[in-house]
Every structure is written in structure tokens, then in C-alpha cells.
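For reference, the structure discussed in these notes is given below.
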Amino acid sequence: MDIISTKVLVAILFGIIRFVFGILPIHICTWLKISGNVEHGHRVVNETKRKTLNCYVVLVQSFGGGVLFATCFLHMIPEVYYSVQDLRKFGKLEGDYPYSQLVVSFGFFLIYFLEELSQWLLAKVPKEPCPSTSTSSTTSVISKENKIVPEQQNGKNVDEETQGNINPSVELELNPEINAELEEIIEEEIKTRQQIFRCILIVLALSFHAIFEGLAIGLQNSVSNIWYLFTAVSIHSATILFCIGLEIFLAGTKPKTIVIHMFFLAITSPIGVVLGITISLTTEMHTSAKSLAVVFLEGLSAGTILYITFFEVLSREKERRVYILKRAVFLGIGFSLMAGLECIKIE
């Protein structure tokens, strides 16, 4: 099988694997014996079986962390370095500046700042309603109306004692109902806005990551490299999508909504692979050296994997305080597996 056919096959497999693992929680929750009812926005589960499932998921994520670590440092970053050396060899770059490290760092900080931007945008959505403003304005309007009507009734003024007896009783009858209704409406609107905005940001962030992961595969120039990266990225993305699908299902999200989200997340990696194929075919390539554009995109992809490895995988592993020894073992197994595959590929 030639390189193009392999990339197309990998793109199709990427989409299928990501989609299947994304919607798998909907079906596996039957095994968890989740009831059809939703209490307080969360589904009722068998906690014993959920803990068992959580243990397996945690260990697979640790394994995926070791896989990504090895992929980043033993494959992607060295490949960018050798590509830059080839560009120097054929006169496309001059000097001894560490261009490979620079472009990888650029990819790392690009994802970092995009993540920070998404967090900042999410923080701009109000987390709590402002009932005090609405309450005060409602109260003032009611008070003013109650003061005006008695004073102008029959063209006579009502004394302060009578007016004082009327206003409090009216406020006690009207304000609690109106304020409670307003607070409930505001809270529902804000919760809806937050949920929609968070879903959009999560889908966009994961889609961006997936496109660059697919791009890294689409830019490869050997069949062994393609399958190597495919194995590494598939393990990581499959476990991540499974965890996301499980959490949003247990939060009470409709299965139809989950399927739609996972469909869009599933097609992003194949899109990245297709982009990589297109760039590889349309960019002018030297017989031995890649073009500057391809090397730059490879560096961005390596920086993306580097960010995911440290800020999303290893950072999460350090925060966990369960299955510590098992996680460390699976992390080492994942690294050893990809290190062994890299050794076989080189030989």
C-alpha cells in the first residue's frame, strides 16, 4: 500500500474510532444500570460498577500519557530537527539558530494562548444572576406606585400613618412572588447560556487539537511513520472522547446531543489528515529536503502534542491521588511500547 492510500485509510479509521469511543458511554451505561430518570440534572448510576469503569479509564489514560510522551520526544521533535538540518544542507536555511526548537515552541505557545483565551471567554459569562439589581428596581417601582395612588385618590392627600399601613402590606404580597419568578427566569437563562458556551468552547478546543493531530499524520513521508503516529494519537484521543462522552451523559445530556457533538469531533482528525495530504502534494518538495512550509507545520504539530502531553495528560496524572502505583506502571508501559516501536522502525 502506497503512502497516499495509507493516509486515506488512516483518516477513515480515525473518524470511526473517535466516533465509536465518543458514543460508547451511551451504550456502556446500560451495563452500569443507569436509570431512565434524571435527578437534579444527574443520572442515577451503580456506583460500584462506575468505580470499576473509572479505574480502567484512569489506567488507559495513564498508558496513553506514556505513549504521547514517547511520541513527542522520540519521534516528532527529532523529526523536526532532522528536517531543519536537511533544509540547511540544501541551502534553504542559514546559520546555527535552533529553528526546530523555535517552531516547536511556537506551536506549544499557540495552543497555550488559545486555551487561555477560551478560559477567559468562558469567565466572561456571568456565573450568578444579579437578583439584587432586579429586586431593587422592582421594589422601587412598586413603592412609587403605591405612594402615588393613595395621594391622588379623590384629590386628597392620605396621611403618613395610613400610607405607612398600606405600602408594607402591598410589598409583602407582591415582591416575594415577582422577585422569585424573576430570579428563576434569570438563573435558567444564565445556566442555558453557560452550558451552550461551554459546549461550543470544548468542541472548538478539541477540534483544533484533533486537526493538528491529523495534520501531523498527513505530513508524514513513510508508511511506518504514519502507523506509528496513528497508534499513539488514537490511544490518546479515544480515551479522551470516551471520558468526555461519559461525563456529559451522566450530567443528563440527551443522547442525541452527544451523538451530534461526537460526530463533529470525529471528523476533525480526518480533516487534519486530508489537509496534510493536500499540503504534501501541492507544496514544492526537494528530493531530499522538505519545504519550509511543511517543516513549519510539522513543528506546530509537535508543539501541539507537547502541550497536550504536559498540560493535559501528565498534569492530570499528578493531580490524581488514586491508583498511584498502577498509574505509574501503565505510564511506563506506554512509554516503553512506543520506544520499542521506534527502535523497530529505525532498524
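Determine ³J(HN,Hα), in whole Hz, for all residues of segment 228-239 in sequence, where each value follows from phi through the Karplus function 6.51 cos²θ - 1.76 cosθ + 1.60 and θ = phi - 60°; x replaces Gly and Pro.
4, 5, 4, 4, 5, 5, 5, 4, 5, 5, 5, 5
Tell me, what HN-Hα J-couplings in whole Hz come from the Karplus equation 6.51 cos²θ - 1.76 cosθ + 1.60 at θ = phi - 60° for each residue of segment 300-316, using x for Gly and Pro?
Values, residue by residue: 4, 5, 5, x, 5, 5, 4, 4, 4, 4, 8, 8, 10, 9, 5, 4, 5 Hz.
Show the residues, 5+ positions off or on another chain, whose built amide H is closer than 5 Å to the amide H of Lys92.
Long-range HN contacts for Lys92: none found.
Please list the non-local residues whose amide H lies under 5 Å from the amide H of Leu219, H modeled 1.01 Å from N, same-chain partners needing a gap of 5 or more.
The list, which skips near neighbours in sequence, is empty: none.
Give, as ranges by residue number, the residues of segment 213-227 whose backbone N falls under 17 Å from the point 7 Å along Cα→Cβ of Asp86.
In segment 213-227, the label zone of Asp86 (backbone N under 17 Å from the point 7 Å along Cα→Cβ) covers 216-227.
Just so you know, all these numbers are worked out from the coordinates, no wet-lab data involved. Every value quoted in this text rests on a predicted model; they were computed, and no experiment measured them. Positions of Cβ are backbone-derived with ideal geometry, glycine not excepted, and every protein chain shown enters the neighbour counts.
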